[in-house]
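Reviewing the structure listed below.
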Amino acid sequence: MSLLTIGTFARASRLSPKALRLYDELGLLRPARVDPVSGYRLYEPAQLERARLVAWLRRLGMPLARIKEVCDLPGPEAAAAVAEYWRQVEAETATRRDLASFLVAHLSGKDAAMTSPLTIRFAVRTDRGLVRETNQDRAYASQRVLAVADGYGSGAAGAAASEAAIEALRTLDATVPAGDLLNVMSEAGRRAGTAVRDLMSADPEPDGGTTLTALLWSGSQLGLVHIGDSRAYLLRDDELFQITHDHTVVQQMVDEGKLTADEVATHPQRMLLLHALGTREPDVRLHDVRAGDRYLLCSDGLHRVLSDDTLRSVLSSIADPDAAVGHLVELANQEGGPDNVSCVIADIETS
């Protein structure tokens, strides 16, 4: 079979000769032969499939180093790698969309137009449950920071990890201008992740980690930082919305259409995390608030035991935050208390 010149191969693959030379230098798409006299690169027709795959992945915006990894994988594994890359792109796009919305509001003077100052009223509760020997959850609430961290691992590793995450957020107990909120939350997520990584690296046999879901109050907005399967909910106009996305194996299967939401509760891998604090950057979002909003942060010891309908009923019927968190913990224990349970409730009110 005759070889194709770089020009012919470029036209067939819809890649420029310049791109082909770059991919050769990077080891991404080596020519079949280089003419020793002219130096012309020559390609086999069978290489067109790889070249077209490279072109498609470049159109997705995938970095060259990652394209090389995908191209070297078998078909099913390459498909999974592309799907994972696109999930990351969508997550990053959502974060940028939130940033764009925030900047539009901020630059248009939306914050200055607010005439009724808002305040926050909160309550926090954490409980060992009825089965676990220790409580590896940590929950924290103040006038600025609301957080739940669900530690996991053998011995005291999980408790140490969740404690380190919460401690990293305590420094945020100061007034944060709305314009700085996103940057502050991003830095807080990185700092908490570093604290947990440093803690685990000091252990000769690290076997632990933690989730983290936290809100930072600016007085007009809430900044959300989230990773793992602890959750944040918003009760608004008597409707309950989950405002975090679980980083779990089963949630990924639901996203891919391999599992229905109804099948999650009985799936054997329902508690297996994809991401935890320190393994990647947490999701960071901004949320506009209204007077009358009620937020719930909780570990999976609550939301895996109580249905969304039960959560909504409690949140909408018990006005006092302290009474509401107490009742939620009580209900979880009435259902067997299979895990540690922690929750924070925060009400947005007109001052």
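Tabulated data
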read-out: In segment 10-69, the trypsin sites (Lys or Arg not before Pro) that fall in loop regions by DSSP, at most 16 other Cβ within 10 Å; value: 14
read-out: Neighbour-count order for 218, 16, fewest beta carbons within 10 angstrom listed first; value: 16, 218
read-out: Helix 181-201 vs. the chain, principal-axis angle (Cα, 0 to 90°, nearest 10); value: 80
read-out: Cα lying deepest toward the dipole's positive end in the chain, options 60, 157, 277, charges on Cβ; value: 60
read-out: Acute angle (nearest 10 degrees) that the helix 157-170 long axis makes with the longest principal axis of the chain, alpha-carbon atoms; value: 80
read-out: Selected from 327, 22, 268, residue furthest toward positive end of dipole (the chain; charges at beta carbon); value: 22
read-out: Dipole magnitude (debye, nearest 20) for segment 129-197, charges at Cβ of Lys, Arg, Asp, Glu; value: 100
read-out: Per-peptide average of other Cβ atoms within 10 Å, ordering 332-340, 136-144 highest first; value: 136-144, 332-340
read-out: Dipole magnitude of the chain about its Cα centre (Cβ charges: Lys, Arg +1; Asp, Glu -1), debye to nearest 20; value: 1880
read-out: Structure-based [θ]222 nm, the chain - -39500 (n - 2.57) summed over DSSP H runs of at least 4, per residue, nearest 500; value: -12500 deg cm²/dmol
read-out: Extreme residue, positive dipole direction of the chain, given options 186, 337, 131 (C-beta unit charges); value: 186
read-out: GNM top mover of 169, 73, 240 - the chain, alpha-carbon springs below 10 Å; value: 73
read-out: Spacing of the two label points (7 Å from each Cα toward its C-beta) at residue 334 and residue 88, in nm; value: 4.5
read-out: R0 of 51 Å, Cβ-Cβ distance residue 12-residue 316: FRET efficiency to nearest 0.05; value: 0.20
read-out: Three-way shape call for segment 117-350 based on the alpha-carbon gyration tensor, with the a/c threshold at 1.5; value: rounded
read-out: Contour excess over end-to-end distance, with Cα ends at residue 280 and residue 121 and 0.36 nm allotted per residue; value: 54.1 nm
read-out: The chain: Cys lacking any partner C-beta under 4.7 angstrom; value: 71
read-out: Crossing angle, helix 321-334 versus the chain [Cα axis fit, 0-90 degrees, rounded to tens]; value: 70
read-out: Segment 265-303 versus segment 46-61: alpha-carbon centroid distance in Å; value: 37
read-out: Average projected area [Cα convex hull, segment 4-71], square nanometres; value: 4.1
read-out: For 9, 241, 122, order by how many other beta-carbon atoms lie within 10 Å, fewest first; value: 241, 122, 9
read-out: Karplus-derived HN-Hα couplings along segment 313-320 (A = 6.51, B = -1.76, C = 1.60, θ = phi - 60°), whole Hz, x at Gly and Pro; value: 4, 5, 5, 8, 10, 10, 6, 6
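None of the figures in this text is laboratory data; all of them are computed from the coordinates on show. Remember, predicted model here, so these are calculated numbers, not experimental data. Note that we place each Cβ from the backbone using ideal geometry, even for glycine, and neighbour counts take in every protein chain shown.
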